[in-house]
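Here is the structure we will look at.
The values are calculated or read from the model by the stated rules, or taken from the named source; none is laboratory data. What you see is a predicted model; the values in this text were computed from it and never measured. Quick reminder, even Gly has a Cβ in these numbers, built from the backbone with ideal geometry, and neighbours come from all protein chains shown. The area values use the complete protein model at the heavy-atom level, side chains included, leaving out ligands, DNA and RNA. Shrake-Rupley method; radii C 1.70, N 1.55, O 1.52, S 1.80 Å.
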Amino acid sequence: MIGPAYSLFGRGLGDSPLSNVGADYFLVQLPEREMNKFISAFDIPDFAAFLQEAQQVKQTPFAWKTLGLNKTIGLIFMNPSLRTRLSTQKAALNLGMAPMVMNIDKDGWKLASGEGVIMNGDAAEHVKDAVAVMGQYCDIIGVRSFPLLVNREEDYAENIIGDFIRYAGVPVVSLESATRHPLQSAADLITIEQYKTTPRPKIVLTWAPHPRALPQAVPNSFAEWMCAAGADLTIAHPEGYELDPKFTDGAKIVHDQAAAFRNADFIYAKNWSSYHEYGQILCRDRAWMVDQAKMQLTNNAKFMHCLPVRRNVVVEDAVIDGPHSIVIQQAANRVVAAQVVLKRMLEAMV
Ligand code: SN0
């Protein structure tokens with residue numbers, strides 16, 4: 001159960017009316033929402049109402065089972081997915097929508113992008129045409145596309161999700177783009193609200209080692225959402241792993257992991273590759289793995305990770321299998337987060 005107060009962490013996103021949120025706030029009829037995309041925290045201007053809707057969806061997931069009647073969602077994957085793929089389908093089914101899933105990297109034509117490109121190479125179809133066609137078959141389109149981690153400006157320009165928004169003609173949901181994973185962060189916010197025992201818990205996002213170079217999307221997004229919610233967020237990472245500051249404004253950034261863990265209420269582990277030395281692995285120090293000894297420094301902190309996780313590299317078995325691990329409940333909340341987002345999009349259509 002999400003707590004009754006929805007206090008968020010003290011302040012709200014931008015100029016939204018979230019500060020001093022009181023019980024009466026929820027009696028006010030919200031203005032009709034336009035929702036033609038969900039790509040970042042800024043597509044949710046009302047976190048308190050979002051959390052209230054999440055609680056309703058959690059309690060009565062089938063209460064809107066005709067809202068999506070005769071509507072179709074296309075889920076387009078350019079990269080692997082387990083939780084996002086299944087939880088978004090489940091959310092759509094709960095709303096009465098029909099999901100269509102395509103692994104476009106394996107089953108589609110190779111896509112070209114960019115203006116004026118002469119298509120005499122591998123690519124058989126331009127993304128403009130493919131996306132416009134998908135928009136004819138779908139009422140909502142979700143897309144997953146990881147960064148290439150080669151050219152930072154290209155990845156951070158978010159061209160692929162931008163092309164979907166430009167050409168689909170229907171609302172677009174990010175299923176993890178080059179720089180953000182908003183459905184994950186929405187589920188993380190719901191999970192922290194559910195498990196927090198103090199109004200403004202100490203939340204620590206810690207870098208952890210990994211054998212491969214991973215995107216910054218999950219930590220960028222987590223920091224963006226937590227900072228937008230006014231959370232008490234500390235980010236611990238080795239030097240050189242600073243994230244793009246546009247996501248971390250409001251967070252404390254430290255290089256001493258043990259100091260960060262002291263008195264923490266939530267430990268969120270995640271690896272990412274360097275933003276400054278773009279896409280590089282700068283540290284392989286196993287001492288950054290989250291283990292029992294470090295968890296003992298915390299205030300009985302809950303352990304979170306977006307999954308998939310490399311056991312005994314990112315986190316010790318004893319922690320992820322232990323009583324304070326909430327990774328499965330966190331994954332369960334992926335359905336709730338996706339359902340609130342799709343529900344809002346459907347409601348804005350009628
Ligand atoms: C992705 C990432 O962005 O870090 C998806 C997380 C939801 N994770 C991976 O690609 C893990 C790959 C691996 O080899 O462990």
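Within segment 47-72, the only residue that satisfies the criterion of being closer than 18 Å to A187 by Cβ and of a type in the set (V, I, T) is V57. Scanning segment 229-242 for residues that are open to solvent by 10 Å² or more (accessible area, probe 1.4 Å) and either of a type outside the set (D, E) or touching a strand residue (DSSP E or B) at 6+ places or on another chain (Cβ under 6 Å) (or both) yields D232, P238, G240. Take the residues of segment 157-185 that are charged (D, E, K, R) and within 11 Å of the ligand (Cβ to nearest atom): which is most open to solvent (accessible area, probe 1.4 Å)? If we take residues in segment 157-185 being charged (D, E, K, R) and within 11 Å of the ligand (Cβ to nearest atom), then R180 is most open to solvent (accessible area, probe 1.4 Å). Considering only segment 276-297, how many residues are in contact with a Gly (Cβ under 9 Å, 6 or more places away or on another chain) and over 14 Å from R212 (Cβ atoms)? Selection size over segment 276-297: 4. Only one of the numbered conditions (1) open to solvent by 40 Å² or more (accessible area, probe 1.4 Å); (2) under 23 Å from A49 (Cβ atoms) is violated by D249, and that is (2). Scanning segment 313-334 for residues that are buried (at least 22 other Cβ atoms within 10 Å of the Cβ) and under 15 Å from the mean Cα position of the chain (by Cα) turns up Q330, N333, R334. Pairs linking a residue in segment 323-350 that is within 16 Å of K65 (Cβ to Cβ) to a residue that is buried (at least 20 other Cβ atoms within 10 Å of the Cβ) and among the hydroxyl-bearing types (S, T, Y), with Cβ atoms under 8 Å and 6 or more positions apart or on different chains, are V335/S87; A338/S87; A338/T88; L342/T88. Determine whether G68 is small (G, A, S) and in a loop (DSSP other than H, G, I, E, B). Answer is yes for this residue.
Output the residues belonging to segment 73-83 that are open to solvent by 30 Å² or more (accessible area, probe 1.4 Å) and either away from the ligand (no atom under 15 Å from the Cβ) or touching a Cys at 6+ places or on another chain (Cβ under 9 Å) (or both). Within segment 73-83, R83 is the sole residue that qualifies. Say we look at segment 86-141 and pick out the residues that are under 30 Å from K58 (Cβ atoms) and free of Cβ contacts under 8 Å to residues at least 24 places away in the same chain; which of these is least open to solvent (accessible area, probe 1.4 Å)? This residue is Q89.
Against the numbered list (1) under 23 Å from V315 (Cα atoms); (2) over 18 Å from the mean Cα position of the chain (by Cα), W207 comes up short only at (2).
Here is a check on your reading of the model: is L86 within 16 Å of the ligand (Cβ to nearest atom), aliphatic (A, V, I, L, M) and under 30 Å from I326 (Cβ atoms)? Yes: the conditions hold for L86.
Taking G279, is it open to solvent by 20 Å² or more (accessible area, probe 1.4 Å) and either under 25 Å from P308 (Cβ atoms) or touching a residue at least 12 places away in the same chain (Cβ under 8 Å) (or both)? Answer is no for this residue. Of all the residues in segment 186-241, those that are within 15 Å of the ligand (Cβ to nearest atom) and assigned to a strand (DSSP E or B) number 3.
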